[in-house]
Every structure is written in structure tokens, then in C-alpha cells.
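Written below as C-alpha cells is the structure these notes are about.
The values are calculated or read from the model by the stated rules, or taken from the named source; none is laboratory data. All of these numbers come straight from a predicted model, not from anything done at the bench. Cβ coordinates were reconstructed from backbone atoms using ideal geometry, including for glycine residues, and neighbour counts include every protein chain displayed.
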Amino acid sequence: MEDLGELKARVEAILYASARPIHLRMIMRACETRSKKRVLKAIEELKKDYENNGRALELLELPGDRYYLKLRREYMELVRRLIKKPVLSRGVMRTLSFIAYHQPIEQSRVAAMRGGAAYKHVKILLEKGLIDAEKSGRTLILRTSQLFADLFGVENNPAAIRRRIRAQLKSSEKESAGKIIKI
């Protein structure tokens, strides 16, 4: 039986490499253990390590026994300056914001408004865990996930998300108007 330190290292490696939320069963399978209790203890200790040592990363526990290792908000701007390529392309981000604003929305309507590439965008967003899909007839009903809410610091409520998007747009318009006037 491996020691807890080794199990913590394995869990950390899995969460770091995944870049998306991972279900507890998947972590247990990857660590080759059946002991849910030991894996949960390793996760809890790892979580405390991140919280108590002023680390740049944080370990989130998401609904449905899923775990996610992410950069703390206060370090995002620092990293953003170094990384030239965004995590999501402009098209995928536009599709995500369209879904967020109009949710719940049928995938076929998203494709009708955003074009055929929206199917690929939806697949990417589902893989990253930013949206959830529910089968309805021959299409999917799309809505933002709890991970989306956590990452963007909003309540996972369509009305709250719409208000946040409107406020963001107004803020951007004011900035743009200020730049035009200065020229």
C-alpha cells in the first residue's frame, strides 16, 4: 500500500495534466486504487496545502464528485501577459457567450445563429466542462455549467449571467467611446 504522500502527488499530477474537471472515479482509476476514503483524504490534504501555503493554484471541489486544479484569480493577469495563445479561440468564446446569454438554448439554434463551426465549438466547450448538454429529441439543450460560473465569478443563474454580460458590454462600449474621443 502506497503512502499518502505518493497518492497526493499522483492526484496532483492527474489534476494538473487534465486542464478540466475530473470525476473522483477517474482519479481513483488513474491512481489504481479502490479506496475512495484514501483518495478523498489525499485530495483534502492537497487542498489544504494549496490554501495554507499561499500557492498560485487552487483545488476546487465541484458538484458531482468532480475536482479541478486552476490558477487563482489574482495571478491570471500575470500569466495572461506571458501566454500569447488564448485557451479558447475567439470563435469558441463568442459561441460560449452566445450560449451564456441565451441559455437554455437548443444546439441547432446556436448553429443557425453562429454558423456550422458552432458544432465544433460546442464539442470543445463540453470537453472543457464550460457547458452542460441535455438531450431533447434530435438536438441538445445547452446551458453554462457550474465550472463556467466558478471560473467567471458569477452565480450559475441565467438572469445573473445576462446581467453580468450586459454590464461587461456597457463597460467595453464606454472604453471604446473614450478611445475614439481621445483620437
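Points to keep in mind about this one:
- Residues considered: 27, 22, 99. Of these, the only one that is under 30 Å from residue 141 (Cβ atoms), within 21 Å of the chain's Cα centre (by Cα) and in the same structural domain as residue 144 (by TED's automatic domain parsing) is 99.
- Scanning the stretch 29-44 for residues that are surrounded by 13 or more Cβ atoms within 10 Å (Cβ to Cβ) and in a helix (DSSP H, G or I) gives 30, 36, 38, 39, 40, 41, 42, 43, 44.
- Hits in the stretch 138-159 - residues which are more than 17 Å from the chain's Cα centre (by Cα) and surrounded by 12 or more Cβ atoms within 10 Å (Cβ to Cβ): 139, 140, 141
- Residue 78 under 23 Å from residue 168 (Cα atoms), loosely packed, with under 12 Cβ neighbours inside 10 Å and either outside the structural domain of residue 42 (by TED's automatic domain parsing) or among the hydrophobic types (A, V, I, L, M, F, W, C) (or both): yes
- Test for residue 67: is it crowded, with 16+ Cβ neighbours inside 10 Å, part of a strand (DSSP E or B) and under 20 Å from the mean Cα position of the chain (by Cα): yes
- Taking every residue in the stretch 47-69 that is closer than 15 Å to residue 20 by Cβ and not assigned by TED's automatic domain parsing to the domain that holds residue 27 and pairing it with any residue that is of a type outside the set (Asp, Glu) and in a strand (DSSP E or B), at least 6 positions away or on another chain, yields no pair with a Cβ-Cβ distance below 9 Å.
- Here residue 145 clears all of (1) under 23 Å from residue 68 (Cβ atoms); (2) in contact with a helix residue (DSSP H, G or I) (Cβ under 6 Å, 6 or more places away or on another chain) except the condition numbered (2).
- The residues of the stretch 46-64 that are assigned to a helix (DSSP H, G or I) and surrounded by 15 or more Cβ atoms within 10 Å (Cβ to Cβ), listed by number, are 46, 47, 50.
- All conditions but one from (1) farther than 11 Å from residue 92 by Cβ; (2) surrounded by 17 or more Cβ atoms within 10 Å (Cβ to Cβ) apply to residue 135; the one that does not is (2).
- Members of the stretch 14-28 that are surrounded by 13 or more Cβ atoms within 10 Å (Cβ to Cβ) and among the hydrophobic types (A, V, I, L, M, F, W, C): 14, 15, 19, 22, 24, 26, 27, 28
- Enumeration of residues in the stretch 119-169 that are more than 25 Å from residue 60 (Cα to Cα), hydrophobic (A, V, I, L, M, F, W, C) and not in a strand (DSSP E or B): 167, 169
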